[in-house]
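> My questions all concern the structure below.
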Amino acid sequence: MPRTTNAVARKSRHKKILKAAKGYRGGRSKLYKTAKESVDKALMYSYRDRKKRKGDFRRLWIVRINAAARLNGLSYSNFIAGMNAAGIILDRKVLSDIAVNDSEAFSLISEKVKKAS
């Protein structure tokens, strides 16, 4: 019986990993073993950071709302508490957008929040 190898499947596996490692520095893009380690780690980071991105954006929105609220004489926590008391239902993403792009509307919201609290 002739000797068989798994050359075609092995080559395609290696090509897939080396293609994914394209652009990495040095042996990370040339050598299969180090490329595989780098690609595996990169995939782990990308999975984790897709989840992390959501928290990063929430933190950014909060910073923007806080800055705009302080320009109107409120702290962030007082602003959010006043929003709840006034019954204004806007999420942080929308509030942040209003704070950045329409400061007059944000100051109107702030006045309502001050009256409610």
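> Listing T5, T34 from the residue with the fewest other Cβ atoms within 10 Å to the one with the most, what is the order?
By the 10 Å Cβ count, ascending: T5, T34.
> Report, in deg cm²/dmol and to the nearest 500, the calculated mean residue ellipticity at 222 nm for the chain, where each DSSP H run with n ≥ 4 adds -39500 (n - 2.57) and the sum is divided by the residue count.
Calculated mean residue ellipticity at 222 nm is -25500 deg cm²/dmol.
> Can you pull the one-decimal nm distance between simple spin-label points at N84 and K19, each 7 Å off the Cα toward Cβ?
Here the answer is 5.2 nm between the modelled labels.
> Also, I was wondering about something else. Taking loop as defined by DSSP and a crowding limit of 16 other beta carbons within 10 Å, which trypsin sites (Lys or Arg not before Pro) in segment 19-92 fit?
K22, R25, K30
> Further question on the same structure: Sort E104, E37 so the one with the fewest other Cβ atoms within 10 Å of its own Cβ comes first.
E104, E37
> How far is helix 76-86 tilted off the main Cα axis of the chain, in degrees rounded to 10, range 0 to 90?
60
> While we're on this one: What is the sum of charges around L60, taking Lys and Arg as +1, Asp and Glu as -1, for the other residues whose C-beta is under 10 Å from the C-beta of L60?
After counting each charged neighbour, the total is +4.
> Which one, (1) 15.5, 48; (2) 26.2, 90; (3) 16.7, 59, gives Rg and Dmax of the Cα atoms in Å as derived from the coordinates shown?
(2)
> Any chance you could run the full-extension gain for S107 through V63? It's 0.36 nm times the residue separation minus the Cα-Cα distance, nm to one decimal.
14.2 nm
> Could you tell me the relative contact order of segment 8-116? Use alpha-carbon pairs under 8 Å, at least six residues apart, and round to a whole percent.
20
> So, one more: Leaving out same-chain residues fewer than 8 places away, which lysines sit with a Cα under 25 Å from that of K11?
K19, K22, K30, K33, K36, K41
> Report ³J(HN,Hα) in whole Hz for each residue of segment 8-21, in order, from the Karplus equation J = 6.51 cos²θ - 1.76 cosθ + 1.60 where θ = phi - 60°; Gly and Pro get x.
Calculated HN-Hα couplings, in order: 5, 5, 5, 4, 5, 4, 5, 4, 5, 5, 5, 5, 5, 8 Hz.
> Can you work out the FRET efficiency for the pair K52 and R10, with r the C-beta to C-beta distance and R0 = 35 Å, to the nearest 0.05?
My answer for the efficiency is 0.50.
> Turning to a different aspect of this structure: With a point put 7 Å past each Cα toward its Cβ, work out how far D40 is from S77 in nm, to one decimal.
4.6
> Kindly put M44, M83 in sequence by how many other C-beta atoms sit within 10 Å of each C-beta, fewest to most.
Listing M44, M83 from fewest to most nearby Cβ atoms yields M44, M83.
> For the chain, modelled as a Gaussian network with Cα springs under 10 Å, which listed residue fluctuates most, G26, G55, G87?
Among G26, G55, G87, the largest mean-square fluctuation in the Gaussian network model of the chain belongs to G26.
Coordinate-derived values only; no laboratory data. Note that the structure is a prediction, hence the values are computed from the model and not measured. All Cβ positions, even for glycine, are placed from backbone atoms using ideal geometry, and neighbour counts span all protein chains on display.
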